[in-house]
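Worksheet: one structure, shown below.
The values are calculated or read from the model by the stated rules, or taken from the named source; none is laboratory data. Keep in mind that what you see is a predicted model, and the values were worked out from it rather than measured. Quick reminder, even Gly has a Cβ in these numbers, built from the backbone with ideal geometry, and neighbours come from all protein chains shown. The accessibility values were calculated without ligands, DNA or RNA, using every heavy atom of the protein model including side chains. Shrake-Rupley method; radii C 1.70, N 1.55, O 1.52, S 1.80 Å.
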Amino acid sequence: MADIRSAEVTEAEGIVVDLLKAGDHAGLAMTIPGIEFFAIGAMQLKTDQGVTYKLTLEMKDGDSCIGAFDVDVDHFSGQYNITKWGEGYDCEQARSIERDYATPFSNSTAE
């Protein structure tokens, strides 16, 4: 997992949000004024070419959840590119995802 508050995740999130606000969303109907997007989950995968961020973004209208969706963002050679629009989630699923990412990961096993 990646820290959803890290500068790298925030930058990748910003790329997605900028494209959505510009109406460049490959079929997603997300050009509704006033909608805000927040990363509620993130994984960072490093490769020889760069980094892929697997983000889960929540959509909100004020304090009200609208839903969430997955998106993959590659950061290769200094450029960000959306490589995959993923699954969509309702608000209950979004809360569950947010809780899962907030739970510290442990490599230890019970003895």
I need every pair where a residue in the range 46-73 that is under 18 Å from residue 11 (Cα atoms) and touching a residue at least 60 places away in the same chain (Cβ under 8 Å) has its Cβ under 7 Å from the Cβ of a residue that is open to solvent by 20 Å² or more (accessible area, probe 1.4 Å) and not in a strand (DSSP E or B), sequence separation at least 6 or different chains.
73/15
Test residue 10 against the criterion of being modelled with pLDDT under 85, outside any strand (DSSP E or B), more than 14 Å from the chain's Cα centre (by Cα) and surrounded by 10 or more Cβ atoms within 10 Å (Cβ to Cβ), and give yes or no.
no
Here is a list: 58, 92. Which entry is modelled with pLDDT of 90 or more, at negative phi and open to solvent by 90 Å² or more (accessible area, probe 1.4 Å)?
92
In the range 76-87, what residues are of a type outside the set (Asp, Glu), under 14 Å from the mean Cα position of the chain (by Cα) and open to solvent by 50 Å² or more (accessible area, probe 1.4 Å)?
81, 83, 84, 85
